[in-house]
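*Asks:* I am attaching a structure below and will ask some questions about it afterwards.
Please treat every number below as a calculation from the coordinates, not as lab data. All figures in this text were calculated on a predicted structure; none of them were measured in a lab. Every residue, glycine among them, receives a Cβ derived from its backbone with ideal geometry; neighbour counts consider all protein chains shown.
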Amino acid sequence: MSPKGKPGKVLGFVLCRLVIDEAEIITIAVHPRFRQKGLGKKLLDAVFRYLYQQRAKVLFLEVDENNSAALALYKGLGFHEVGRRPGYYKTDKGHSDALIMRRTIQQKD
């Protein structure tokens, strides 16, 4: 996503993969100066539309349990925790868990 009129200036991106009817967000990032402005939600909304068109059923992602901004975004968009990877992320304070989250894209036929 780039600002209007400024081609080449990337403010954020999302990378996901789709295998048959299950998708996974590999990474999502928004430039630090442009966070808390709705760009992450816009990026995810675009992913949801694409995955819906591709007939994906579910979308998974992993997030650090201490990333409160990301967790608020994901929970607000309908993701819920379905698993945990203990001590997955190394932090300044030791290790933290990775939360595995899931969201339905389409109901099963």
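*Asks:* Of all DSSP beta bridges located in region 13-93, what percent are antiparallel, nearest 5?
*Replies:* 70 percent
*Asks:* Using only DSSP helix segments of four residues or longer, with each worth -39500 (n - 2.57), what per-residue ellipticity at 222 nm results for the chain after dividing by its residue count and rounding to 500?
*Replies:* That comes out to -7000 deg cm²/dmol.
*Asks:* Are there trypsin sites (Lys or Arg not before Pro) in region 43-109 that DSSP puts in a loop and that have at most 11 other Cβ atoms within 10 Å, and which ones?
*Replies:* Listed in order of number, the matching sites are LYS93, LYS108.
*Asks:* Same structure, new question: With r as the distance between the Cβ atoms of VAL10 and HIS80 and R0 = 25 Å, compute the FRET efficiency 1/(1 + (r/R0)^6) and round to 0.05.
*Replies:* 0.25
*Asks:* Determine which aspartates and glutamates satisfy two conditions relative to LYS37: a Cα distance under 18 Å, and not lying fewer than 8 residues away in the same chain.
*Replies:* List returned: ASP45.
*Asks:* Once a ≥ b ≥ c are taken as the square roots of the eigenvalues of the Cα gyration tensor of the chain, is the result rounded (a/c under 1.5), prolate (a/b larger than b/c) or oblate (a/b not larger than b/c)?
*Replies:* It comes out oblate by the Cα gyration axes.
*Asks:* Another question, if that's okay. Pairs of Cα atoms under 8 Å, at least six residues apart: use those to get the relative contact order of the chain, whole percent.
*Replies:* Relative contact order here is 23 percent.
*Asks:* Another question, if that's okay. May I ask for the distance between the Cα centers of region 83-99 and region 12-27, given as a whole number of Å?
*Replies:* Result: 22 Å between the Cα centres.
*Asks:* With the crude spin-label approximation of a point 7 Å out along Cα→Cβ, what separation in nm comes out for GLU65 versus GLN53?
*Replies:* According to this spin-label approximation, the distance is 3.9 nm.
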